[in-house]
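The values are calculated or read from the model by the stated rules, or taken from the named source; none is laboratory data. Quantities reported herein were computed from a predicted structural model and do not represent experimental measurements. Every residue, glycine as well, gets a Cβ built from its backbone with ideal geometry; the counts of neighbours run over all protein chains shown.
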Amino acid sequence: MEVTCLPPELHNRPEKIPGAVRDRIHAARGRYQSIFVAYGDCGTGGELDRVLEDEGIERIPGAHCYEFLATSAVFERLTEAEIGTFYLTDFLLRHFERLVIRGLGLDRHPELLPTYFGNYRKLVYLSQSPVPGADDRARAIAARLGLSYEFCWTGHGTLGSSLAAAMQRHQGARREGAVAWAQ
């Protein structure tokens, strides 16, 4: 299996995700018989699914990585508990300054913080792997954003089982599958 990642900054411009995924699919078509997209809708409003339907490609189930990392049941419970939740993954934790602070221009315009985060009440850290100090860094981000904090161990949620099921469905293909995923 070969993993191909897309730039994480696409999450700040979700309208660009479908085209970027289509480009990766077209680039991989000549090299692979099986392609699986491990990417949620991530704010494309269903456009990613339309691209994948046109291309005959399946993707991991779920609206976004938060849902497939936490699993649908856990994500639903978290959402019902507080709809105004900002979710933080291991990747987002490692790259918070670049993707959120600089990516949204908060380093240059800190006065925009209430505009971006004013409707959030809680930060939930969806932890995929134990990393020393990660919980403390996540708590500090919650405090910086003025949000309450909750830790939620997820591991990789449905990612592994979805990839295994896709590989099994495509078993017999002579070449390896390719995966496009932004996390």
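Out of the residues in segment 14-44 meeting the condition of being farther than 18 Å from Y66 by Cβ and not in a helix (DSSP H, G or I), tell me which one is modelled with the lowest pLDDT.
Of everything passing the filter in segment 14-44, Q33 is modelled with the lowest pLDDT.
If I go through segment 127-144 residue by residue, how many of them are surrounded by fewer than 17 Cβ atoms within 10 Å (Cβ to Cβ) and either of a type in the set (A, V, I, L, M) or within 20 Å of I60 (Cβ to Cβ) (or both)?
Residues flagged as surrounded by fewer than 17 Cβ atoms within 10 Å (Cβ to Cβ) and either of a type in the set (A, V, I, L, M) or within 20 Å of I60 (Cβ to Cβ) (or both) within segment 127-144 amount to 4.
Out of L99, L113, report the one residue that is part of a helix (DSSP H, G or I), farther than 21 Å from T79 by Cβ, touching a Pro at 6+ places or on another chain (Cβ under 7 Å) and in the same structural domain as T85 (by TED's automatic domain parsing).
Result: L99 is the single residue among L99, L113 that is part of a helix (DSSP H, G or I), farther than 21 Å from T79 by Cβ, touching a Pro at 6+ places or on another chain (Cβ under 7 Å) and in the same structural domain as T85 (by TED's automatic domain parsing).
Could you please tell me which pairs satisfy a Cβ distance under 6 Å, a separation of 6+ or placement on different chains, a first residue in segment 1-30 that is within 24 Å of Q171 (Cβ to Cβ), and a second residue that is in a helix (DSSP H, G or I) and among the charged types (D, E, K, R)?
Short answer, once both residue conditions are applied: T4/R24; I25/E55.
Looking at A142, A166, A73, which is the one that is in the same structural domain as V37 (by TED's automatic domain parsing) and either modelled with pLDDT of 95 or more or assigned to a helix (DSSP H, G or I) (or both)?
It is A166.
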